[in-house]
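Chemist: Take a look at this one; I'll ask things after.
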Amino acid sequence: MTDDGGPSDVGQDAPLTPRRAGANQVSFRAILLGTLVTMAVAVVVPYTAYVSATWGYGWGTLPNGPVVIAFVLVAINGLAARLRPARALTRADVLVIYSILSIAAALIVVHVPYTIGLTAYPLYRARNEYGWDVILPHIPTWLQPRNPDRILWFWEGAPQGVPIPWMDWLVPLTAWAGFALALFVAMLCLGALLSRDWVERQRLTFPLTQIPLAMVGDGADPTVSRSAFRLSAFWIGFLPCSVLVIFAWLHGVFPAVPALPRDFPIGQSFAGAGLPWSALSDMTVRISPAVIGIMALVPGEVSFSVWAFYLIYRLYLVVCGGFGIPPYGGGFGFAPRAFFEHAGAGGFIVISALALYRSRDAFAAGFRRLLRRPSTFGDPNAPMANTTAVLGLIAANGFMLWWALHAGMSWWSYGLIMFVFYASMIGTARLTAAAGLLQHMPPVYPRATVVHMLGARPLGLSSTMGYSLLEMGYMQAPMNFGLNYIMNSYKLFHGERMRARGFPLGVAIATVGVFAACSVGVLWAGHRYGAINFACWPVTAVPTCAFRQFSTSFTSPETPDNWLRAAMVVGGGVTVLLSWFSAHFASWPFSPIGFVIASVMHTNRDVWANALLGWLLAAVIRRYGGLRLYRRLLPAFVGLVLGHYLTDAAMSLFCTLFLGARGVTTIVP
């Protein structure tokens, strides 16, 4: 990846081999194989993640599951290319399978376990605790299992020899799957409208796409020998990272084995110090080689802004503390932390609005075609035609509106939360495309934004319940939104000049299959081992948060907060100014990306220090070795990421099979 967002040199030294006929298109074979592999993984992951605690699918904008599985496919494909070349997967096939695996991460990691928890938890708690009888009437009956008496089996395990009551779950899970399908169709259509403009005109870097491209290499039939693994620079990053991961695992199994520390709670030095320095008490550093590698790949102003704005945010808290105002609130109802968080939320809305405005020609082209007016904005290799994308976006949102109305929400309250949700979704996709942040999310979620701006009472109880269900089921983990993965997939296809017209339909079909497969996996694991024994996240913590929100709105409805309203306006204004300066001054060092995520938990824990190290690494190489050396070392940055992910997966398998170690904390983000 070059500084201007062009193609990377990663893997460039490989000799190109002739491509087979049809090797540069989305094939039915690739979609079918990708769907079947993803469904198989979706059935298994609930057991490995929640019961045995041996391997999870990953978290964030680059989950480790798709990366590891794609590498295994490339390794197997090398053998297939030798024995039966005609049956070997093409480069396009592997990229399509990787894309389906990535997009399905939103379902496997978030949507399915979250919605099953939301479905099962209130009935289970209502058996023994007072107060839940007030909440249950506000949950639509078609989002509750058919026989509440058997809900105990999911949480505590079914009696020996008793079959799982699948039919009890059919109606609620079908309802949730319908909303998920409509949401994914909307994201596929929205991504199709935005992707060409983001890739061609705005030239966003999409740094995360460098990882699958490095694994498949440049040959027609991807093999390990033709991938980035053959480059000496790649091993400069891969080997040191692998050693760190191996020792981290062995230290977890055998504490006597030394391992380099990765967590540095630097804020503890300020704990108990009193204001203003106590405002820094939660500062922490968690070293992640994968994040360092990605931060070294992105443009320098992006990585610089991430850590610089974080430090500015911390300075702001110290200054407020100097005036006697603690981070969580002081006089006049002013809470410095909440103010900055809502300023970031306002910035997210502005980033999304600017992204839509800059891509307005794509939307206009689709509507012109609907009105039978001539349009020149089109691409025969695009995932779908502009007209199809516009119609699909309208139809999908129409179904979701019908779903929400049937759940008891008012049309205007649903429209408000979806407005903020789309702003969050487009903003996170924009941050992923421009900065490649592995761990990031808006500082404030859609429900909190609407409630703090409007208050809970005008919404009504049915809409308030709908807010809690929809946010915790589908809007709660923005870095795992499907749009992030969809935009990266479209960038891969565009860069490969692939004919991708069948991909969105294949993903829509895969969405249904993966939702069903993951539901089977979660329900089987719960009825076999008892979901109450799972890690609290996601099947218990998520519904606890959702219904606590509703309970608060029910007993003491939130009122509008003028400070937070002002914060949204201030944050939007700051983001506009930063965007304007970035667009008009080439040497301007601050990107609005750093501002909008400065107060986020993941920035504090997982991002800022790694962004500083990645920026410093790239800056030193450019300063003393020039751009030529930096480009030659790009494979080393990819090696940091793959060394982190692949070695961690290998050690997880090794320790589980040979050492009997389970639940060891690793360093995968």
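Chemist: Hey, among the residues in the stretch 309-357 that are in a helix (DSSP H, G or I), more than 30 Å from W198 (Cβ to Cβ) and of a type in the set (G, A, S), which one's nearest to the chain's Cα centre (by Cα)? Lay out the reasoning, then the answer.
Modeler: As a first pass, look at the stretch 309-357 and keep what is in a helix (DSSP H, G or I): 309-322, 331-333, 336-357.
If we keep only those that are more than 30 Å from W198 (Cβ to Cβ) too, we end up with 314-322, 331-333, 336-339.
Those left that are additionally of a type in the set (G, A, S): 321-322, 331, 333, 338.
Values: G321: 34, G322: 37, G331: 37, G333: 34, A338: 23 Å.
Applying the filter and picking the extreme gives A338.
Chemist: Restricting to the stretch 123-147, and then to whatever is surrounded by fewer than 17 Cβ atoms within 10 Å (Cβ to Cβ) and in contact with a Phe, Trp or Tyr (Cβ under 9 Å, 6 or more places away or on another chain), can you tell me which residue is nearest to R528 (Cα to Cα)?
Modeler: Filtering first and then ranking leaves R146.
Chemist: Exactly one of (1) closer than 19 Å to N397 by Cα; (2) surrounded by fewer than 24 Cβ atoms within 10 Å (Cβ to Cβ); (3) over 17 Å from the mean Cα position of the chain (by Cα); (4) in contact (Cβ under 8 Å) with a residue 24 or more places away in the chain is unmet by F419. Its number?
Modeler: (4)
Chemist: Right, here's the next one. Inside the stretch 198-237, can you point out the residues that are acidic (D, E) and surrounded by fewer than 24 Cβ atoms within 10 Å (Cβ to Cβ)? Quick ask: steps written out before the conclusion?
Modeler: Just the residues of the stretch 198-237 that are acidic (D, E), to begin with: 200, 218, 221.
Those that are acidic (D, E) and surrounded by fewer than 24 Cβ atoms within 10 Å (Cβ to Cβ): E200, D218.
Chemist: Moving on to the next point. Select from the stretch 468-486 the residues that are under 12 Å from the mean Cα position of the chain (by Cα) and of a type in the set (A, V, I, L, M, F, W, C) and list them in ascending order. So that I can check it myself, show each step before the final result.
Modeler: First, pick out the residues of the stretch 468-486 that are under 12 Å from the mean Cα position of the chain (by Cα): 474-486.
Correct list: M475, A477, M479, F481, L483, I486.
Chemist: Taking the options F184, F179, name whichever one is at pLDDT 95 or above, within 25 Å of S424 (Cα to Cα) and surrounded by fewer than 24 Cβ atoms within 10 Å (Cβ to Cβ). Quick ask: steps written out before the conclusion?
Modeler: Details: F184 fails: surrounded by fewer than 24 Cβ atoms within 10 Å (Cβ to Cβ).
Only one candidate passes the filter, namely F179.
Chemist: Here is a further query. So, of the residues in the stretch 251-279 that are in a helix (DSSP H, G or I), more than 29 Å from the chain's Cα centre (by Cα) and without any contact (Cβ under 8 Å) to a residue 40 or more places away in the chain, which turns out to be farthest from A609 (Cα to Cα)?
Modeler: H251
Chemist: Could I ask something else about it? Kindly establish whether G333 is surrounded by fewer than 23 Cβ atoms within 10 Å (Cβ to Cβ) and either in contact with a strand residue (DSSP E or B) (Cβ under 6 Å, 6 or more places away or on another chain) or on the phi > 0 side of the Ramachandran plot (or both).
Modeler: On the way: surrounded by fewer than 23 Cβ atoms within 10 Å (Cβ to Cβ): yes; either in contact with a strand residue (DSSP E or B) (Cβ under 6 Å, 6 or more places away or on another chain) or on the phi > 0 side of the Ramachandran plot (or both): yes.
Yes, satisfied.
Chemist: May I ask you to list the residues in the stretch 301-325 that are over 13 Å from T603 (Cβ atoms) and crowded, with 17+ Cβ neighbours inside 10 Å?
Modeler: If we filter the stretch 301-325 for residues that are over 13 Å from T603 (Cβ atoms), which is where we start, we get 301-302, 304, 315-325.
Those that are over 13 Å from T603 (Cβ atoms) and crowded, with 17+ Cβ neighbours inside 10 Å: E301, V302, F304, Y316, L317, V318, C320, G321, I325.
Chemist: Considering only residues that are buried (at least 19 other Cβ atoms within 10 Å of the Cβ) and over 17 Å from L470 (Cα atoms), look in the stretch 521-544 and name the one that is modelled with the lowest pLDDT.
Modeler: Only one residue tops the list, namely F534.
Chemist: Next question, about the same structure. Test each condition in (1) among the hydrophobic types (A, V, I, L, M, F, W, C); (2) in a helix (DSSP H, G or I); (3) within 26 Å of S599 (Cβ to Cβ) for M400 and report the one that comes out false.
Modeler: M400 satisfies every listed condition except (3).
Chemist: When only residues in the stretch 504-552 that are of a type in the set (F, W, Y) and part of a loop (DSSP other than H, G, I, E, B) count, which is farthest from V109 (Cα to Cα)? Walk me through how you get there before you give the answer.
Modeler: To start, the set of residues in the stretch 504-552 that are of a type in the set (F, W, Y) comprises 515, 524, 529, 534, 537, 547, 550.
Adding the requirement that they be part of a loop (DSSP other than H, G, I, E, B) leaves 534, 537.
Working: F534: 14, W537: 11 Å.
Looking at residues that are of a type in the set (F, W, Y) and part of a loop (DSSP other than H, G, I, E, B), I get F534.
Chemist: Here's another thing I want to ask about it. If V641 passes every condition in (1) exposed (fewer than 15 other Cβ atoms within 10 Å of the Cβ); (2) in contact (Cβ under 8 Å) with a residue 24 or more places away in the chain; (3) of a type in the set (V, I, T) but one, which one does it miss?
Modeler: (1)
Chemist: Is there any pair with a first residue in the stretch 142-165 that is touching a residue at least 24 places away in the same chain (Cβ under 8 Å) and a second that is crowded, with 16+ Cβ neighbours inside 10 Å and hydroxyl-bearing (S, T, Y) whose Cβ atoms are under 7 Å apart and which are 6 or more apart or on different chains, and what are they?
Modeler: Partner pairs satisfying both residue conditions: L143/T119; Q144/T119; P145/T119; I151/Y124; L152/Y124; W155/Y124; G157/Y529.
Chemist: Would you point out the residue of the stretch 368-394, among those that are over 21 Å from L183 (Cα atoms) and in a helix (DSSP H, G or I), that is modelled with the highest pLDDT?
Modeler: Kept after step one, since they are over 21 Å from L183 (Cα atoms), are these residues of the stretch 368-394: 368-381.
The next check asks that each one be in a helix (DSSP H, G or I); those that pass are 368-370.
Working: R368: 75, R369: 71, L370: 72.
The selected residue is R368.
Chemist: Which one of these does T38 not meet: (1) buried (at least 22 other Cβ atoms within 10 Å of the Cβ); (2) in a helix (DSSP H, G or I); (3) modelled with pLDDT under 95?
Modeler: It fails just one condition, (3).
Chemist: Quick one: count up the residues across the stretch 172-212 that are part of a helix (DSSP H, G or I) and either touching a Cys at 6+ places or on another chain (Cβ under 8 Å) or over 29 Å from Y645 (Cα atoms) (or both). Can you show your working first?
Modeler: Residues of the stretch 172-212 that are part of a helix (DSSP H, G or I), as a first pass: 172-201, 207-212.
Next, only the ones that are either touching a Cys at 6+ places or on another chain (Cβ under 8 Å) or over 29 Å from Y645 (Cα atoms) (or both) stay: 172-179, 181-183, 185-186, 189-190, 192-194, 196-197, 200-201.
Going through the stretch 172-212 one residue at a time, the tally reaches 22.
Chemist: Could I ask something else about it? Just to be sure, is R447 farther than 25 Å from A598 by Cα and either over 23 Å from the mean Cα position of the chain (by Cα) or in contact (Cβ under 8 Å) with a residue 12 or more places away in the chain (or both)?
Modeler: On the way: farther than 25 Å from A598 by Cα: no; either over 23 Å from the mean Cα position of the chain (by Cα) or in contact (Cβ under 8 Å) with a residue 12 or more places away in the chain (or both): yes.
Considered against the rule, which asks whether it is farther than 25 Å from A598 by Cα and either over 23 Å from the mean Cα position of the chain (by Cα) or in contact (Cβ under 8 Å) with a residue 12 or more places away in the chain (or both), R447 comes out as no.
The values are calculated or read from the model by the stated rules, or taken from the named source; none is laboratory data. Just so it is clear, the model here is predicted, and its values are computed rather than measured. No Cβ is skipped: glycine too gets one built from the backbone with ideal geometry, and neighbour counts run over all protein chains shown.
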